[in-house]
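The values are calculated or read from the model by the stated rules, or taken from the named source; none is laboratory data. Worth saying up front: this structure is predicted, and the values here are computed from it rather than measured. Ideal geometry is used to build each Cβ from the backbone, glycine not excepted, and the neighbour counts take in all protein chains shown.
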């Protein structure tokens, strides 16, 4: 009997020793599909783009016939006024879109965090633009913002504005208009994340602030914003990265026009690669864009220590 108990204990102990290795093996099996997909569809294309950016693969021909030309594609990029203008347009778009989407989503989250009638339906309604088809959204806004007979300009004319904006047809107004439309469409995601962060703020902090006689404004500055600063930092990074990747809305609304007024770098890269078959030149632009986004992200990570409170 004692021998059987001893063997049983030894068997249990051996299984316990094997358990960590079994868990590691199971963990590897679970993440393996993601790793394969990530390497195949993310890492390999980046490496491939980096390699062909130093080649003359700018015509439709077999890759085996492409030659190494060094930094010629990057030098050509610096001399390309259209490409450089597209980079500047992307920065301009980011300066409008990112503050707009963060500020309005925060204010909307503050509103939805309060108790009011039909709050549940309202929370559901804000998701509609976010899940709507980009093409459908573009068509609707193109009709609404038609500078000649669109309903928005007709209303502006009736209230006394003689020369309403050209919106998507104006050289100075096209890109800001696209940014505002994207703020409206992407507002839901940031709002939901902000709302979750607001609901996680410790209520005792507000009670302590009220005891000290803090106003609503002081509570928001000294309690709310510091408490949700990690969430704000996350949304800031993702919004900036997403703003440089904006392609679909620009393509559907203006296709970079009028002229090149709303031509952003993502649209320029697409057309260089798939319309003109300038694969190496488009890859050089994509690598430069990747470096710009990487530098901005690293800078944000270093600076976040000053204002993000965990």
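Quick notes on this structure:
- Unique residue being within 22 Å of residue 293 (Cβ to Cβ) and surrounded by 12 or more Cβ atoms within 10 Å (Cβ to Cβ) when the list is 87, 106: 87
- In the stretch 215-230, the residues that are part of a loop (DSSP other than H, G, I, E, B) reach residues that are surrounded by 14 or more Cβ atoms within 10 Å (Cβ to Cβ) with C-beta atoms within less than 7 angstrom, at least six apart or across chains, in these pairs: 228/194; 228/197; 228/198; 228/201.
- Residue 34 over 27 Å from residue 277 (Cβ atoms), surrounded by 13 or more Cβ atoms within 10 Å (Cβ to Cβ) and either modelled with pLDDT under 90 or out of contact with any helix residue (DSSP H, G or I) (no Cβ under 8 Å at 6 or more places or on another chain) (or both): no
- Only one of 251, 263, 306 that is without any contact (Cβ under 8 Å) to a residue 24 or more places away in the chain, on the phi < 0 side of the Ramachandran plot and in contact with a helix residue (DSSP H, G or I) (Cβ under 8 Å, 6 or more places away or on another chain): 251
- Selection over the stretch 108-136 of residues that are part of a helix (DSSP H, G or I) and under 15 Å from residue 186 (Cβ atoms) gives a count of 7.
- Residues that are surrounded by 16 or more Cβ atoms within 10 Å (Cβ to Cβ) and in a helix (DSSP H, G or I), drawn from the stretch 238-247: 239, 240, 242, 243, 244
- Reported count of residues in the stretch 197-214, each being assigned to a helix (DSSP H, G or I) and without any contact (Cβ under 8 Å) to a residue 12 or more places away in the chain, is 6.
- Residue 179 vs. criteria part of a helix (DSSP H, G or I), at pLDDT below 95 and touching a helix residue (DSSP H, G or I) at 6+ places or on another chain (Cβ under 8 Å): no
- Of the residues making up the stretch 190-212, those that are more than 18 Å from residue 96 (Cβ to Cβ) and under 21 Å from the mean Cα position of the chain (by Cα) are 191, 192, 193, 194, 195, 196, 197.
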